[in-house]
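The values are calculated or read from the model by the stated rules, or taken from the named source; none is laboratory data. This structure is a prediction, so every number in the text was calculated from the model and none was measured. Here the Cβ is made from the backbone with ideal geometry for all residues, glycine too, and neighbour counts use every protein chain on show.
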Amino acid sequence: MNVVTKMEAGSTQLMSGNEAVARGVWEAGVTVGAAYPGTPSTEILENLSRYAEIHTHWSVNEKTSLEVTIGASVAGARAFCAMKHVGMNVASDALMSQTLAGVGGGLVIAVADDVGFSSSQNEQDTRYWGRFAHLPILEPSDSAEAYAMVKEAYEISEKFGCPVILRMTTRICHVKALVQLGEREVPENKGFTRDPRRWVMVPANAKARQQVQFQRDADLVAEVEGSDLNFVDDGADRSLGFVASGPAFMNVREAYPDAPVFKLGFSCPLPVEKIRAFAATVDTLLVVEETEPLVENELKAAGMLDVHGCDVLPRFGEMMPDVIRRGVARLRGEEVPEPQAAPTLDLFPRPPTMCVGCPHLPAYYCLSRLTRNTYIAGDIGCYTLGAGHPWQALDTTTCMGSSMGMSLGMSLGKAEVDAGKAVVGVIGDSTFLHMGMQGLLEMTYNKGNITVMLLDNSTTAMTGGQENPASGMDIHGAPAPKVDFAKLSEALGVNPARIKRVDPYELPTLFRTIKEEIKHDEPSVIITNRPCVLIDRFAKQPPLKVVDEDCTGCTNCLNVGCPAIQVTRREEIMKPNGKVLKKAWTRIDTVACTGCNVCLQTCGPNAIVPAYANVNPATETATPAA
Amino acid sequence: MTDNRDTVTNILVCGIGGQGVMTAAEILAQTAISLGYDTKKTEVSGMAQRGGVVTSHVRFGRRVLSPSIPPGEADLLLGFEPAEAMRWATHVRPGGPAMVNTLRLPPPIVSMGLFDYPADPIAEIRKVGLTVYDFDAGDIARGLGDMRLVNSIMLGAIADHLPFEADLLRQQTLDRFRARRPEMVDLNEKAFEAGRRAAAESAARAESSSAA
């Protein structure tokens, strides 16, 4: 439903940071937006795509998304790009050189840091990119600021002729707060100005632009020192003052309502002199930042050697009010209070898991039976969960697409004792297209020997099911060219005889194919072809049940790892050799079951059967089986 | 700026991905907004939709700063699953009310035998000192013919425990369906009222057992 776009100017709405950024981008008159999905940034472009006036699309990776938006900016348009923190690692090649050339129309890059590791492989701090690339950074503290800062960022981008980074964090992206909306205003697109010395970054031109960049650095310092986005939110208790930005500002305020706080909104370059003046008004200064001690160190480098920060506060995670209170207690030499509540009661963890009927389940069921003789290099996506129980069939995960290069490297670096081991690379459709296919090319070009499991569920599943070039649809749900992975693999040099398309729900076929392909002395690509169970294209089949009197408690079906399979009772049986055999009888949650039939194929005594007899597919009515 | 700790109401909603925790929190937040409160609501997404733990913090008052409820300061716990309610019990202020759906959803790692599901999570929550209102919302939803009604049942259950009229929450809940699925309004109204009755009956049970 198109809720966001219907919101009227002047109205106040409860919006997530991501929704607020999208609204701000629309109001700022942007005409081109691109992104690759990544938690916690994904919903920015999803929301932006609902505004018909803006060209939006899903990119294949963050580098292409940034390049597209740079191109649009060079052509004169206001452009917008969003990514998660690690996305900037991919996009940074474009960033580090375009910072010299600068922008035409305004360009804002929203980068969302996953402070607190909600869904990421690291906790890197995007504020370093501002220093590295000599670019301004704005840091909102809630949705309303995110919305307002986007519009401000476009003014700054055009005033200084450079991209602006809007630094978000999970606690901004995914928190809803009230935002008062405005109107869309589209500035005139003045068009592309042909100017090779400006846009062609060959050494001579780039060298000249570097001097422009240095002047810009100086101009930006003057700007931040005078910016209203950096201000003192005063308090009566001058014994301790804070410097804070982003969500940490709200948490400082919550924990110390009477303390003076220097609120950093335009945080790069750092308004050192303004902070120095503030420091003179308080007895002690504490910098509260997520996550690296970056502001703290820059203040120290500017001679403010007595500021505090990571000496009393952690260098990781969210700066929540209780974390700040403990840090202040340490600073004051007081007894450090325990977390206010009693410790959480002793309880099982509830880690994320694969869904009922997920087409990755059979792939990992097979791989879990081969772990003794294989190394399995994994990748980023839902299938990273294959490292968990019950499969434990994934040995490495590093970054997008790394399974390809790393599996090749593992095969090359094998010790003699591991000579007999096969190496498998597991990667999903979207990740393969993002950064995996180059690794496959490296594999074929260098005559590697890897069995690639390309788990094609035709969506970008982990981030919530975004379309991609393998799904056959674009960001608006309109038909789009669909990548043929078999043809693509062949084009990248894989022997056509070694490319297998397999229905993962046909468990014996899948298992046989994997066992055969790992024996071959050249790269193989096994493409599984069932859609994600959470997308519209997935069709549920009649569900299954366990006939209790036929179940022998062998637990084979539990090894599939499907959440619909639940244990009803357990027994331990002492075998004649003294070993204890653990048995468990199961039931299937018929409401949840998707009828994929994978568990049924692991059941020796045929105790798993259709839950309903006489299913009439025309009416979808069913009568309970006897 | 002045201390706002006494003026902010904190509601913690917890459960499992896919249960409707976010929607319930959204309706609570919208109700608070309709009364003119400043309101913030956390969302948890990403991995949470893969059967993981989901919590949503709803805070409203004159001015809300941090979006997160500090440990031990939730005024009310709305638990969509008993073990998850137990997980967050210590996040509630001592003596605070906990409205808990007793329908158990054990995760796969419990099915695999790696961990045990607690024998009596409700008793554990009572031990912490919370006032527990417990009932099987799953059973009520099944009786009404649609498991998705759990959400409206749970909202009905807390309707008489909020700093505003129960009818306001009912209207907000039904307005949401009116806008999106008008054919579901009547059924959700029944679910909302069934939740209210179930909570009242749970309170009566607790009273009679303590009297005995």
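The residue that is nearest to residue A:36 (Cα to Cα), counting only those in segment A:423-464 that are more than 16 Å from the chain's Cα centre (by Cα) and among the acidic types (Asp, Glu), is A:456. Residue by residue through segment A:363-373, note down the ones that are touching a strand residue (DSSP E or B) at 6+ places or on another chain (Cβ under 8 Å) and either surrounded by 19 or more Cβ atoms within 10 Å (Cβ to Cβ) or outside the structural domain of residue A:463 (by TED's automatic domain parsing) (or both). Matches in segment A:363-373: A:363, A:367. Here residue A:257 passes the criteria (1) within 33 Å of the chain's Cα centre (by Cα); (2) in a loop (DSSP other than H, G, I, E, B) except the one numbered (1). State whether the residues of segment A:10-23 include one that is basic (Lys, Arg) and out of contact with any Pro (no Cβ under 7 Å at 6 or more places or on another chain). Yes - at least one qualifying residue is present in segment A:10-23. In summary, residue A:539 fulfils each of the numbered conditions (1) more than 14 Å from chain B (Cβ to nearest Cβ); (2) buried (at least 20 other Cβ atoms within 10 Å of the Cβ); (3) under 29 Å from the mean Cα position of the chain (by Cα) with the single exception of condition (2). Yes or no: segment A:49-65 includes at least one residue that is within 21 Å of residue A:152 (Cα to Cα), in a helix (DSSP H, G or I) and either touching a residue at least 40 places away in the same chain (Cβ under 8 Å) or under 18 Å from the mean Cα position of the chain (by Cα) (or both). Looking for residues that are within 21 Å of residue A:152 (Cα to Cα), in a helix (DSSP H, G or I) and either touching a residue at least 40 places away in the same chain (Cβ under 8 Å) or under 18 Å from the mean Cα position of the chain (by Cα) (or both), one finds none in segment A:49-65, hence no. Among the conditions (1) part of a helix (DSSP H, G or I); (2) surrounded by fewer than 24 Cβ atoms within 10 Å (Cβ to Cβ); (3) free of Cβ contacts under 8 Å to residues at least 60 places away in the same chain, residue A:72 misses just one, which is (2). Strands (runs of 3 or more DSSP E) fully within segment A:458-546 that include at least 2 residues being charged (D, E, K, R): A:499-502. Among the residues of segment A:389-404, not a single one is in contact with a Ser or Thr (Cβ under 8 Å, 6 or more places away or on another chain), of a type outside the set (A, V, I, L, M, F, W, C), outside the structural domain of residue A:444 (by TED's automatic domain parsing) and in a loop (DSSP other than H, G, I, E, B). What about residue A:292, is it farther than 17 Å from residue B:70 by Cβ, part of a helix (DSSP H, G or I) and assigned by TED's automatic domain parsing to the domain that holds residue A:263? Considered against the rule, which asks whether it is farther than 17 Å from residue B:70 by Cβ, part of a helix (DSSP H, G or I) and assigned by TED's automatic domain parsing to the domain that holds residue A:263, residue A:292 comes out as no. Which residues, taken from segment A:561-578, are within 24 Å of residue A:354 (Cα to Cα) and more than 9 Å from chain B (Cβ to nearest Cβ)? Those that are within 24 Å of residue A:354 (Cα to Cα) and more than 9 Å from chain B (Cβ to nearest Cβ): A:564, A:568, A:569.
Listed here are the helices (runs of 4 or more DSSP H) enclosed by segment B:98-212 that have at least 3 residues being within 14 Å of chain A (Cβ to nearest Cβ): B:108-111, B:121-128, B:137-144, B:166-180. Scan segment A:199-240 for residues that are in a helix (DSSP H, G or I), over 30 Å from residue A:285 (Cα atoms) and of a type in the set (A, V, I, L, M, F, W, C) and report the count. Residues meeting the conditions: 6.
So that you can scan it fast, the table gives a plain yes or no per residue for (1) in contact with a Phe, Trp or Tyr (Cβ under 7 Å, 6 or more places away or on another chain); (2) buried (at least 19 other Cβ atoms within 10 Å of the Cβ):
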| position | (1), (2) |
| --- | --- |
| A:281 | no, no |
| A:286 | yes, yes |
| A:291 | yes, yes |
| A:295 | no, yes |
| A:299 | no, yes |
| A:302 | no, no |
| A:306 | no, no |
| A:310 | no, no |
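Restricting A:153, A:94 to residues that are closer than 20 Å to residue A:220 by Cα, in the same structural domain as residue A:187 (by TED's automatic domain parsing) and part of a helix (DSSP H, G or I) narrows the list to A:153. Under 6 Å between Cβ atoms, at least 6 apart or on separate chains: pull out the pairs that start in segment A:130-153 with a residue that is crowded, with 24+ Cβ neighbours inside 10 Å and end on any residue that is of a type in the set (Ser, Thr, Tyr). Qualifying pairs under 6 Å: A:135/A:99; A:137/A:267; A:139/A:245; A:139/A:267. Taken over segment A:375-388, residues that are touching a Leu at 6+ places or on another chain (Cβ under 7 Å), crowded, with 23+ Cβ neighbours inside 10 Å and part of a helix (DSSP H, G or I) amount to 2. Checked against (1) of a type in the set (A, V, I, L, M); (2) under 28 Å from the mean Cα position of the chain (by Cα); (3) over 25 Å from residue A:156 (Cα atoms), residue A:295 meets all criteria but (3). Just for segment B:69-87: of the residues that are of a type outside the set (A, V, I, L, M, F, W, C) and either within 7 Å of another protein chain (Cβ to nearest Cβ) or surrounded by 24 or more Cβ atoms within 10 Å (Cβ to Cβ) (or both), which one is nearest to residue A:346 (Cα to Cα)? Per the stated criteria, the residue is B:87.
A single entry from A:544, A:558, A:581, A:534 fulfils the requirement of being farther than 30 Å from residue A:452 by Cβ and within 14 Å of chain B (Cβ to nearest Cβ): A:581.
Here residue A:284 clears all of (1) touching a residue at least 60 places away in the same chain (Cβ under 8 Å); (2) under 30 Å from residue B:73 (Cα atoms); (3) hydroxyl-bearing (Ser, Thr, Tyr) except the condition numbered (1).
Total residues in segment A:461-485 satisfying the condition of being at pLDDT 95 or above and crowded, with 16+ Cβ neighbours inside 10 Å: the figure is 12. For segment A:547-562, enumerate the residues that are in contact with a Phe, Trp or Tyr (Cβ under 8 Å, 6 or more places away or on another chain) and either in contact (Cβ under 8 Å) with a residue 60 or more places away in the chain or assigned to a strand (DSSP E or B) (or both). Selection gives A:559, A:560, A:561. Take residue A:595 and tell me if it is over 33 Å from the mean Cα position of the chain (by Cα) and not hydroxyl-bearing (Ser, Thr, Tyr). Here the answer is no, as residue A:595 does not meet what is asked.
Scan segment A:586-594 and tell me whether some residue there is closer than 19 Å to residue A:503 by Cβ and either more than 11 Å from chain B (Cβ to nearest Cβ) or surrounded by fewer than 12 Cβ atoms within 10 Å (Cβ to Cβ) (or both). There is at least one residue in segment A:586-594 that is closer than 19 Å to residue A:503 by Cβ and either more than 11 Å from chain B (Cβ to nearest Cβ) or surrounded by fewer than 12 Cβ atoms within 10 Å (Cβ to Cβ) (or both). Considering only segment A:135-142, I want to know if a residue exists there that is modelled with pLDDT of 95 or more and over 28 Å from residue A:277 (Cβ atoms). Checked segment A:135-142: no residue is modelled with pLDDT of 95 or more and over 28 Å from residue A:277 (Cβ atoms). Taking segment A:360-378 as the range and being within 14 Å of chain B (Cβ to nearest Cβ) and not polar (S, T, N, Q) as the test, the residues that pass are A:360, A:361, A:364, A:365.
Within segment A:15-51, the set of residues being aliphatic (A, V, I, L, M) and either at pLDDT below 95 or touching a helix residue (DSSP H, G or I) at 6+ places or on another chain (Cβ under 6 Å) (or both) comprises A:15, A:20, A:21, A:22, A:25, A:28, A:32, A:34, A:35, A:44, A:48.
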